[in-house]
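The values are calculated or read from the model by the stated rules, or taken from the named source; none is laboratory data. Source: prediction; values computed, not measured. No Cβ is skipped: glycine too gets one built from the backbone with ideal geometry, and neighbour counts run over all protein chains shown.
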Amino acid sequence: MTILLGQAILPTLLLTLGGTLVSVVVGVPLGVLAALNGGRGWIIWRASARCWASPYPYSCGACLLLLAFSLQWPLLPSAGAGDTPIDVARSLIMPSIATRFFRSAS
């Protein structure tokens with residue numbers, strides 16, 4: 001059991017850091033724009049995005065991203081972590097976006 005947990009800790013930490021990075025990169029600029037504009041327009045956009053994304057579970061969003069970016073347009077890997085740091089970074093893009101986007105929408 002300890003060996004399995006030891007093998008899973010690094011990918012889990014990388015995914016957590018990737019999701020946090022996506023949240024900060026998307027959330028901070030949107031928050032600044034909303035503050036500068038007094039909330040006009042952004043409130044409607046944010047409410048629309050929440051209404052669209054909130055009924056979907058994370059797995060549904062992940063499947064939609066998988067269909068779009070791995071199968072329809074083969075830009076990102078569909079599985080595996082890769083061997084080089086660039087491959088690892090590419091493999092973290094889609095799950096980081098899926099967990100943060102659909103989590104922040106609910």
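Evaluate the following for Ala89: is it assigned to a helix (DSSP H, G or I) and at pLDDT below 80?
Taking the combined requirement at face value, the residue does not satisfy it.
So Ala34 clears everything in (1) farther than 23 Å from Leu92 by Cα; (2) out of contact with any helix residue (DSSP H, G or I) (no Cβ under 9 Å at 6 or more places or on another chain) except one condition, right? Which one?
Of (1) farther than 23 Å from Leu92 by Cα; (2) out of contact with any helix residue (DSSP H, G or I) (no Cβ under 9 Å at 6 or more places or on another chain), only one is false for Ala34: (2).
Find all pairs meeting these conditions: Cβ atoms under 9 angstrom apart; at least six residues apart or on different chains; first residue within the range 1-24 and over 16 Å from Pro95 (Cα atoms) and of a type in the set (Ser, Thr, Tyr); second residue at pLDDT below 85 and in a helix (DSSP H, G or I).
none
Here are some residues: Ser70, Ser96. Which one is among the hydroxyl-bearing types (Ser, Thr, Tyr) and out of contact with any Pro (no Cβ under 8 Å at 6 or more places or on another chain)?
Ser96
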